[in-house]
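The values are calculated or read from the model by the stated rules, or taken from the named source; none is laboratory data. Keep in mind it's a predicted model, so treat the numbers as computed, not measured. Counting neighbours? That spans all protein chains shown, and the Cβs are built from the backbone with ideal geometry, glycine included. These accessible areas exclude ligands, DNA and RNA; they are computed on the full protein's heavy atoms, side chains included. Shrake-Rupley method; radii C 1.70, N 1.55, O 1.52, S 1.80 Å.
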Amino acid sequence: METLIVYESLWGNTRQVAEEIARGARERSDGLTLCTVAEAPSSLAASLGLFVIGAPTHAFTLPTPSSRAEARSHGAAVPHAPGVREWLATVVVESPPARVAAFDTRQGRSFLVGSAARSIARAAKRRALVVSDTADFAVTSREGPLEQGELERAFAWGRALTASR
């Protein structure tokens, strides 16, 4: 099963989670590509079996151009490139992957903080992609770090996503 993991990261926490998901999924993937949204392909190949996409929760949802600019003004190393929101709106879907999953990083575990993963699922649906699995990974503050145990949980989630192929 070919696996593609695409992520957007503002402070590096989402990148760390994506890397652990990839590490967990790599054992059972025939080919795995991990990339930032700036490096993501413009189309999803028909051979793709698992597509995982993640982003930080920013202002209760996916980052926007203005929220990325705000993060840059506070010291985040955020490229001046489109984010997950913009990429999902334009990506060509040759054939929907067998499995689509979404994850986010966010401060706290309350539903009141919003969820980029839920926003990804809604945006993906507009592209004929049905998200079957979501996960939220908690950070201790806007800049992080991740809460204790979250990287281990990300690794386990990556393994679980590829276990039922």
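Going by accessible surface with a 1.4 Å probe and the largest first, ASP104, ASP136 read ASP136, ASP104. Entry note, the stretch 1-54: relative contact order of 60 percent, from Cα contacts under 8 Å with a spacing of 6+ residues. Shown is the FRET efficiency for ARG23 and SER95, computed with R0 = 25 Å from the Cβ-Cβ distance and rounded to the nearest 0.05: 0.40. If you take all other residues with their beta carbon under 10 Å from the beta carbon of VAL131, and give Lys and Arg +1 and Asp and Glu -1, the sum is +3. Within the listed set ARG126, ARG153, ARG99, the residue fluctuating most in the Gaussian network model of the chain (springs between alpha-carbon atoms under 10 angstrom) is ARG126. The slack in the chain from SER66 to ALA128, taken as 0.36 nm per residue of separation less the alpha-carbon distance, amounts to 19.6 nm. Here the stretch 6-57 is described by how far its Cα atoms reach on the three principal axes: 32, 26, 16 Å, from widest to narrowest.
Using the charge dipole of the chain (Lys, Arg: +1 at Cβ; Asp, Glu: -1 at Cβ; taken about the Cα centre), state which of THR61, GLY144, LEU50 has its Cα farthest towards the positive end. Value computed over the given set: THR61.
When the accessible area of the chain is split by element with a 1.4 Å probe, what percent falls to carbon and sulfur? Accessible surface attributable to carbon and sulfur in the chain totals 53 percent.
Summarising the overall dimensions of the stretch 41-117 from its C-alpha atoms, the Rg and Dmax are 14.2, 40 angstrom. Solvent exposure of the stretch 1-155, expressed per residue, is 46 Å² of accessible area, with all protein chains present and a 1.4 angstrom probe. Using the alpha carbons alone, the radius of gyration of the chain stands to its Kirkwood radius in an Rg to Rh ratio of 0.94. Taking one quarter of the surface of the C-alpha convex hull of the stretch 31-73 gives a mean projected area of 4.0 nm².
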